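The values are calculated or read from the model by the stated rules, or taken from the named source; none is laboratory data. Just so it is clear, the structure is predicted and the values come from calculations on it, not from any experiment. In this analysis, Cβ positions are derived from the backbone assuming ideal geometry, glycine residues included, and neighbour counts consider all displayed protein chains.
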Amino acid sequence: MANLNAYGFESIGCNSKVQRLNSEKYYEATKAFISVDGAGQFRYDGGEPTPSQGHSVKNGSIVLTGTIQILNFRFISTGDEFSALNISYEKE
């Protein structure tokens, strides 16, 4: 198994608009670790989550493995809550 090294970080504020990860930040990433402060729905198949559809997360974490999952990740906050995503990117 290859050693992964953290090389990039970003924070994204989220509300009722679907958010994606910044391609300038995840360029060459093979893994992303996302901490979610708040509540929301996410998908990593390229589809758009809604406040009531997707994978639910509240004050938790998400691990994306592989370029396709990172590219296809989408997040939306639920309700009137503001959420913050803190993302660390890793590569070999």
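Numerical summary
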{"item": "Near pairs, Cβ below 9 angstrom, 6+ apart or cross-chain, from the range 64-76 (at positive phi) to any residue that is among the hydroxyl-bearing types (Ser, Thr, Tyr) and surrounded by 15 or more Cβ atoms within 10 Å (Cβ to Cβ)", "result": "Gly66/Thr30"}
{"item": "Index of the failed condition, Asn59 passing every other in (1) in contact with a strand residue (DSSP E or B) (Cβ under 6 Å, 6 or more places away or on another chain); (2) modelled with pLDDT of 95 or more; (3) not basic (Lys, Arg)", "result": "(1)"}
{"item": "Filtered residue count, the range 32-56, keeping only those that are under 11 Å from the mean Cα position of the chain (by Cα) and closer than 17 Å to Ser88 by Cβ", "result": "7"}
{"item": "Restricting the range 35-87 to residues that are more than 16 Å from Asn15 (Cβ to Cβ) and aromatic (Phe, Trp, Tyr), the residue that is surrounded by the most Cβ atoms within 10 Å (Cβ to Cβ)", "result": "Phe73"}
{"item": "Condition check for Tyr44: modelled with pLDDT under 95 and touching a strand residue (DSSP E or B) at 6+ places or on another chain (Cβ under 9 Å)", "result": "no"}
{"item": "Of all residues in the range 65-77 being among the polar types (S, T, N, Q) and assigned to a helix (DSSP H, G or I), the one that is farthest from Lys91 (Cα to Cα)", "result": "Asn72"}
{"item": "Only listed residue being in contact (Cβ under 8 Å) with a residue 60 or more places away in the chain, over 10 Å from the mean Cα position of the chain (by Cα) and exposed (fewer than 15 other Cβ atoms within 10 Å of the Cβ), chosen from Glu28, Glu24, Glu90", "result": "Glu28"}
